[in-house]
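Notes follow the structure.
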Amino acid sequence: MVQFPSDFLWGVACASYQCEGAWDADGKGPNIWDDFCHVTGGGRVKNDDNGDVACDVYHRWPEDIALMKAHNIRAYRFSVSWARVIPDGDGAVNEAGLAFYEKLVDALLEAGIEPLVTLYHWDLPSALQYKGGWLNRDIVPAFARYARIVAERLGDRVKCYMTINEPQCITALGYGLGDHAPGWKLPGEDLARIYHILALAHSEAMRQIKAVCGPAVRVGIVPCGRLCYPAEDTPENREAAYRATYDLSLPRWEFTQNIIMDSLVLRRYDDTAPECVRRFAATIPAADWDAMEKPDFIGINVYHGMCVDAEGKPAGGYAGFPLTACKWPVTPEVMHYGPMNTYRRYGIPVYISENGLSCNDVIFLDGRVHDPKRIDFLHRYLTELAKAVAEGTPVLGYLQWSFLDNFEWNSGYDERFGIIYVDYPTLRRIPKDSAAWYAKVIETNGACLND
Ligand code: NOJ
């Protein structure tokens, strides 16, 4: 039986660079995604797409908020563009940038929608990148100052902040593989340093927000990374899935939750940490560990998981396994065990801060956008989430990714994750079938999933 707590928060999520557009409007400074995309012909971003206009949310937000309201959305997780607020990252404040977010927050509250503010969703002001970006520890006070400035302006109305979105992708995709901005390819020890600097930045920003808003404000962080689920639901297999989720000796340690979360919550690295992490760890002063700030909640972005057997070895895949349009496996079980294991390790309540899929959506002959695959996917994942809740995991809310189709980073506009279709040539919004379906899920607090 699918059942959610009566105060469960249902919402949608998006990020500044992916939807705002207006890349150089009203005093905004350039950021690393502007730079990354503007190097055209380099094959960095599919079709040489960029976020210059994106969904033009910067100008069309009143229409978008009205659409959210019409679909019963109770919370909107959006990110602030650092370079809109402080064009060079640590210098003069751009009043027009702050005013934009203030207007947005007021309109959301007016519509009965709770604003959940992410401070960093990957669009670093270029001027800070020239100084080394997240590899240079000077970014910590700059980020903390930015957090304070936002909190001073919005703090009387915004009750929930998320400091950093997916430190894993910032580090591994941006500075490791180079697939995302800034496109650097650094060795493991540097990646460990970046993780550490991100952890310090989260901590200092959290202290600043609390200092401005008081202890009741909730501040979290949004990790991603490998989440394993058991091939069979036995105690041994559950244990193996837990261990494999946090085992840093498996391939791609940099795509795990626990480098950053262990730093913040446990103030150490796991014993399975690879040699490059250990080498870096030996240089960390004790004062840094003392400075780590445990978040009030963990936002987990859940898209797909890894099925493991009782030995923790990959299992369950086969030729023709169900995939989304961007070829991610459809693994609803991750929504049961992922949040449970996160809570088991860290003992902190969680939000599902993102979940969704890309589909090859089109406008049908009847002028509507039918997306039964999305409805089926979300139905399966939410049913699994209810199992985690039933087993005692404190899940505070669920934010669907994404409200609008938007700029999917180096995949450009080809991947459509929205429940609202964006007709890019005209920027017209067309609610997909899944939008009406999700509105009903919210209206019934998930009860309609039992029908
Ligand atoms: C996670 C990221 O936070 C978001 O920006 C991205 O669009 C979605 N995953 C889908 O890939």
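The values are calculated or read from the model by the stated rules, or taken from the named source; none is laboratory data. Every value quoted in this text rests on a predicted model; they were computed, and no experiment measured them. Backbone-built Cβ (ideal geometry, glycine too); neighbour counts: all protein chains shown. Side chains are part of the model used for accessible areas, which takes the heavy atoms of the whole protein and leaves out ligands, DNA and RNA. Shrake-Rupley method; radii C 1.70, N 1.55, O 1.52, S 1.80 Å.
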Flag for residue 337 being under 19 Å from the mean Cα position of the chain (by Cα) and away from the ligand (no atom under 16 Å from the Cβ) | yes
From the list 386, 390, which residue is out of contact with any strand residue (DSSP E or B) (no Cβ under 7 Å at 6 or more places or on another chain) and open to solvent by 40 Å² or more (accessible area, probe 1.4 Å)?
-> 390
Of all residues in the range 261-296, count the ones that are more than 21 Å from the chain's Cα centre (by Cα), β-branched (Val, Ile, Thr) and closer than 20 Å to residue 204 by Cβ.
-> 2
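Among the listed residues 327, 313, 294, which satisfies the condition of being within 16 Å of the ligand (Cβ to nearest atom) and among the charged types (D, E, K, R)?
Values: 313 fails: within 16 Å of the ligand (Cβ to nearest atom); 294 fails: within 16 Å of the ligand (Cβ to nearest atom).
Step by step, each of 327, 313, 294 is checked, and only 327 is within 16 Å of the ligand (Cβ to nearest atom) and among the charged types (D, E, K, R).
Is it true that residue 372 is in contact with a Leu (Cβ under 6 Å, 6 or more places away or on another chain) and in contact (Cβ under 8 Å) with a residue 24 or more places away in the chain?
Details: in contact with a Leu (Cβ under 6 Å, 6 or more places away or on another chain): no; in contact (Cβ under 8 Å) with a residue 24 or more places away in the chain: yes.
When the stated conditions are applied, residue 372 does not pass them.
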In the range 1-43, residues that are more than 16 Å from the ligand (Cβ to nearest atom), among the aliphatic types (A, V, I, L, M) and part of a helix (DSSP H, G or I) total 1
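Quick grid of which residues meet (1) open to solvent by 50 Å² or more (accessible area, probe 1.4 Å); (2) in contact with a strand residue (DSSP E or B) (Cβ under 8 Å, 6 or more places away or on another chain); (3) not acidic (Asp, Glu):
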| site | (1), (2), (3) |
| --- | --- |
| 303 | no, yes, yes |
| 313 | yes, no, yes |
| 319 | yes, no, yes |
| 326 | no, no, yes |
| 342 | no, yes, yes |
| 355 | no, yes, yes |
| 366 | yes, no, no |
| 396 | yes, yes, yes |
Do we find that residue 191 is at pLDDT 95 or above, touching an Asp or Glu at 6+ places or on another chain (Cβ under 6 Å) and in a helix (DSSP H, G or I) in this structure?
-> yes
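Run down 183, 132, 155 and say which single residue is away from the ligand (no atom under 16 Å from the Cβ), open to solvent by less than 20 Å² (accessible area, probe 1.4 Å) and on the phi > 0 side of the Ramachandran plot. Before you say what the answer is, go through the steps one by one.
Working: 183 fails: open to solvent by less than 20 Å² (accessible area, probe 1.4 Å); 155 fails: on the phi > 0 side of the Ramachandran plot.
Result of the check over 183, 132, 155: 132.
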Taking the range 238-279 and keeping only residues that are open to solvent by less than 70 Å² (accessible area, probe 1.4 Å), over 16 Å from residue 350 (Cβ atoms) and either aromatic (Phe, Trp, Tyr) or assigned to a loop (DSSP other than H, G, I, E, B) (or both), one is left with 247, 248, 250, 253, 255, 256, 269, 270, 272, 273, 274
Please enumerate the residues belonging to the range 400-415 that are over 17 Å from residue 170 (Cα atoms) and within 11 Å of the ligand (Cβ to nearest atom).
-> 401, 402, 405, 406, 415
